[in-house]
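A.B. asks: Pasting in a structure now, in structure tokens, and then I'll have a few things to ask.
The values are calculated or read from the model by the stated rules, or taken from the named source; none is laboratory data. Because the structure is predicted, anything quoted here is derived from the model rather than measured. Here Cβ is always computed from backbone atoms with ideal geometry, including for glycine, and neighbour counts include all displayed protein chains. The accessibility values were calculated without ligands, DNA or RNA, using every heavy atom of the protein model including side chains. Shrake-Rupley method; radii C 1.70, N 1.55, O 1.52, S 1.80 Å.
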Amino acid sequence: MKIYDISMPISKNMIVYKNRIEKKPIFEIAEDFDKGNVFESKLCLNLHTGTHVDAPLHVFKDGQMVDNYPLDKFYGEAIVIDLSAIEEGIDREHLIDQNIQKNDIVILKTKNSEDVRFNFDFVYLSISGARYLTEQKIKTVAIDGLGIERNQADHATHKELLSQSIPIIEGLCLKNIKEGRYQFIGFPISLSTAEAALLRAVLIEK
């Protein structure tokens with residue numbers, strides 16, 4: 001059995017969405033050996049930093065919170081689809097022949113995985129691609145960008161997926177992952193009344 005960690009490490013120098021300073025993690029020492037006999041630290045960060053999942057509350061005023069998702073949304077059969085040749089949006093036509101099955105966890109690998117700094121022209125999932133995935137009744141969708149949509153003022157891609165209770169996982173690291181079927185495990189940390197949560201995502205080679 002081979003396990004691939006596909007999560008972004010959390011660090012003060014990590015890539016964050018649109019290079020926004022307020023999204024950079026802040027690490028602080030809470031206690032050190034000069035003050036006592038233990039070492040403790042604090043971390044302050046936006047819940048949409050690194051590898052995380054979005055819940056409906058992110059785009060719907062009265063939407064479901066992340067702790068309302070059943071945990072089986074984050075475990076099960078996954079298909080990694082290599083779409084590295086795409087330069088802009090992932091449309092229905094790019095997905096229709098990919099053998100996506102009902103209840104699949106669909107993982108979109110793009111050229112985003114090659115980026116070493118934030119790319120404002122990152123590859124995203126278009127509304128037509130999102131509608132195709134909801135029609136297939138998938139379990140969850142994930143992508144290697146820090147956003148699943150790009151400059152959509154109405155957040156149409158988010159709304160299409162989240163209105164169907166399909167969790168959106170953003171910020172995966174897929175550079176060394178080959179296309180194919182895997183077992184996915186990526187449970188969110190347990191947060192109450194939140195619109196998003198960080199998670200540790202792994203793929204298990206079948």
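A.B. asks: Which members of the range 150-162 meet the condition of being open to solvent by less than 60 Å² (accessible area, probe 1.4 Å), at pLDDT 95 or above and not charged (D, E, K, R)?
C.D. replies: Filtering the range 150-162 for residues open to solvent by less than 60 Å² (accessible area, probe 1.4 Å) gives 150, 152, 156-158, 160-162.
Cutting the leftovers down to at pLDDT 95 or above gives us 156-158, 160-162.
Those that are open to solvent by less than 60 Å² (accessible area, probe 1.4 Å), at pLDDT 95 or above and not charged (D, E, K, R): 156, 157, 158, 161, 162.
A.B. asks: How many residues are surrounded by 19 or more Cβ atoms within 10 Å (Cβ to Cβ) and outside any loop (DSSP other than H, G, I, E, B) if we restrict to the range 165-206?
C.D. replies: So the count comes out to 11.
A.B. asks: Still on this structure, please answer the following. Out of the residues in the range 23-74 that are assigned to a helix (DSSP H, G or I) and among the basic types (Lys, Arg), which is nearest to residue 8 (Cα to Cα)? Show your work before the answer.
C.D. replies: Initial filter on the range 23-74 (assigned to a helix (DSSP H, G or I)): 23, 56-58, 66-68, 71-74.
Restricting the remaining residues to those that are among the basic types (Lys, Arg) gives 23, 73.
On the way: 23: 14, 73: 20 Å.
Among residues in the range 23-74 that are assigned to a helix (DSSP H, G or I) and among the basic types (Lys, Arg), the one nearest to residue 8 (Cα to Cα) is 23.
A.B. asks: Separate question: Quickly run through the range 125-149 and pick out the residues that are open to solvent by 40 Å² or more (accessible area, probe 1.4 Å) and either touching a strand residue (DSSP E or B) at 6+ places or on another chain (Cβ under 7 Å) or outside any helix (DSSP H, G or I) (or both).
C.D. replies: 136, 137, listed by residue number.
A.B. asks: Any idea which residue in the range 47-90 is farthest from residue 136 (Cα to Cα), counting only those that are touching a helix residue (DSSP H, G or I) at 6+ places or on another chain (Cβ under 6 Å) and open to solvent by 50 Å² or more (accessible area, probe 1.4 Å)?
C.D. replies: Step by step, filter the range 47-90, then rank; the result is 65.
A.B. asks: Spot the failing condition for residue 3; the list is (1) open to solvent by 90 Å² or more (accessible area, probe 1.4 Å); (2) modelled with pLDDT under 95, and only one is missed.
C.D. replies: (2)
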